[in-house]
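Input: a single structure, listed below in structure tokens.
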């Protein structure tokens, strides 16, 4: 099936195979994402409502902080509140630097949703990509919107302080901390704390959880405007303690900033399509340059002083346009 056919099948909810296949294509070839935008726009013109997810929530933090368990608890709470809305989860797992494989074990913690048709869980391998995400994650998130996900939870690989790429993808970033993973000095380190909108101290049943929460509040108050007011939560994702209050906080922010988030995401989409167009144009120019004979080679002309770089570029553009028009 073509990209357009897969998008149509996914949008019409014809099972999950089309969506899964589409996600696999975009995970392997992220540069094909604009084809999805094109196909989705064509369907929208025909009356199909293909909106972006209302909320894209990023969960980030150090390994072992309980991000997967928290994602599971948030999905459970959303399904309780909105039984008619679909929820998506994109879980990125680290790839082995030796074999290239990944366990993709986060879905093991979400088995309670395995038979729920309103929960779509997709695991991805980072494939060595730094920053906590995988290269095709934007495409997978877009497909989540095509299949009708109201909210999408994006769980990063858990690389720690350098994991800031999530800030450019998610609407709202939740930084997950847990006692026993480092002293309070860790909270001062740049990157991880700067990308967070909300902060969760998970594993509230542990003895040092309240102490860590107090240190976190103090750090945020010293950090500047906004401080810690309404931004910190003490949660036990395992038994559900504090999850309802966290969900209330997330929904409150979504209600206030939803239109702003949608506008920002559309600007990002426009930029991605712009880059794809430029990349296609550059590819055609390279192909023209490679097949030019020596006497017409723009590079040789510049090196020999016959033409300037600007003149060579104009010549290359004219030749590319001529060859494209001459094709049957």
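No value in this document is a laboratory result; all are computed from the given coordinates. Quick caveat, the model's predicted, so the values are computed rather than measured. When we count neighbours, we look across all protein chains shown, and the Cβ atoms used for this are built from the backbone with ideal geometry, even at glycine.
Given labels modelled 7 Å from the Cα in the Cβ direction, how far is it in nm from residue 262 to residue 286?
Result for the modelled spin labels: 3.8 nm.
Express the Stokes-Einstein translational diffusion coefficient of region 216-280 in µm² s⁻¹, to the nearest whole number, given a Kirkwood radius over alpha-carbon pairs, 10 °C and a viscosity of 1.306 mPa s.
Roughly 106 µm²/s, to the nearest whole number.
For labels at residue 324 and residue 114 in the simple 7 Å Cα→Cβ model, what's the distance in nm?
Label at residue 324, label at residue 114, 5.1 nm between them.
Using Cα pairs closer than 8 Å and at least 6 residues apart in sequence, work out the relative contact order for region 269-326, in percent.
The value is 31 percent.
Specify whether the C-alpha gyration tensor of region 269-326 places it in the rounded, prolate or oblate class, a ≥ b ≥ c being the square roots of the eigenvalues: rounded for a/c under 1.5, otherwise prolate if a/b is larger than b/c and oblate if not.
Prolate is the answer for region 269-326, as a/c is 1.5 or above and a/b outweighs b/c.
Pull out the extension gain between residue 302 and residue 81, defined as 0.36 nm times the separation in residues minus the alpha carbon to alpha carbon distance; nm, one decimal.
Extra length available between residue 302 and residue 81 comes to 72.9 nm.
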